[in-house]
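No value in this document is a laboratory result; all are computed from the given coordinates. This is a predicted model, so every value here is computed, not measured.
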Amino acid sequence: MDEDGYNDSNRAFLQAFMARSTMTFDEAKPVLAAIFSAHEGREVLQEDISQADLNSYVAAANSAISPFDLEIRSVKRQVTLNSDGQGASPFVYALVNTTSDPLTQLATTYTPDEIAFVKRLLDAMFETYNTRRCEALVVSSMQALQLAKVPADANRRESAAVQANGNTTTQGGAAQSLSMTQAETMMSSLVDEGWLEKSAKGYYSLSPRGLMELRGWLVDTYNDEDEEGHRARRVKFCAACKDILTVGQRCADRDCPGRLHDMCVRNFFRLQQSERCPVCKIEWPGDRFVGERAIANTQQTAQARRRTMDMGNNEGSGDES
Ligand SMILES: [Zn+2]
Ligand SMILES: [Zn+2]
């Protein structure tokens with residue numbers, strides 16, 4: 001490719017990128033092949049597109065958009081399988097705003113009621129469905145739609161919090177519920193814009209872009225200290241790559257913060273030369289999961305417990321491993 005500054009090809013790439021918000025190398029190949037074909041007046045095949053081509057177009061796009069506080073960043077995925085089980089590239093390129101916080105960004109596209117819905121959705125992912133017993137960190141379509149309605153006590157709690165803070169400014173009224181249709185539309189635009197991903201089984205989770213952009217906010221919000229100074233650890237990190245972890249494996253001890261991504265496990269244990277929890281050093285089970293698979297785990301445990309009870313072996317303590 002000729003490197004004569006920023007040209008129509010660069011502009012075409014940036015336009016294609018902006019239209020999607022996120023792109024993997026595989027998705028970039030046909031886009032760049034079409035652009036190169038048009039530019040060179042001969043057919044360029046997508047197999048001929050290299051990572052270096054993409055890097056150079058991303059770099060050119062970044063110098064063009066940096067005055068607008070935007071940047072295309074490559075983000076490592078937590079899993080390298082698509083929802084259909086096909087191998088996916090470990091990197092996804094995402095358009096991010098380099099200054100304003102993510103909720104401010106959402107505020108440019110969504111109404112306050114819609115943002116309040118997004119907040120309820122994140123609370124569901126990181127609190128309601130992220131418990132000691134089951135760290136699912138996903139919501140089903142059904143659960144998402146149930147969040148359309150503002151819970152009866154939510155507004156009261158919020159106004160109490162405002163008063164407790166000694167802040168007497170009115171917050172422009174309490175959030176209104178969304179209709180089911182509005183909530184459904186919201187969910188699909190959050191998927192289209194690359195904030196959420198939907199799995200084959202229909203569970204919604206935060207996408208690599210969502211996690212990257214919301215990281216600081218999630219930690220501030222869900223790993224907050226309570227009145228007694230205990231720090232909640234709803235958001236957990238991979239002991240190997242230190243990145244946020246919402247899909248992966250956990251230590252057998254539910255109270256241990258030891259977590260590893262599936263794709264970090266093998267390298268980590270090879271380096272460590274033993275398959276032990278990086279934090280508490282007990283044997284790593286390899287079949288205790290964080291993310292959607294935690295739901296299947298929990299169901300199996302419940303079934304096993306019911307079977308034990310049927311056999312008349314109920315010790316009644318209800319302690320789980
Ligand atoms: Zn990791
Ligand atoms: Zn542990």
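Computed quantities for the displayed model
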item	result
Whole-number D in µm² s⁻¹ for the range 9-99, Kirkwood Cα-pair radius fed into Stokes-Einstein, 37 °C, 0.692 mPa s	238
Partner lysines for residue 29 [C-alpha distance under 19 Å; skip if fewer than 8 residues away on the same chain]	76
For the chain, calculated [θ]222 nm from helices alone, where every DSSP H run of n ≥ 4 adds -39500 (n - 2.57)	-13500 deg cm²/dmol
Binned Cα-Cα distance frequencies in the chain - 10 Å width, integer %	5, 21, 28, 24, 15, 6, 1, 0
Coordinate range along principal axes, alpha carbons of the range 201-288, Å, largest first	38, 35, 24
Most fluctuating residue given options 138, 44, 235, as computed from a GNM of the chain linking Cα atoms under 10 Å	44
Of 201/242; 198/242; 149/198, pairs whose Cα-Cα distance is over 23 Å	201/242; 198/242
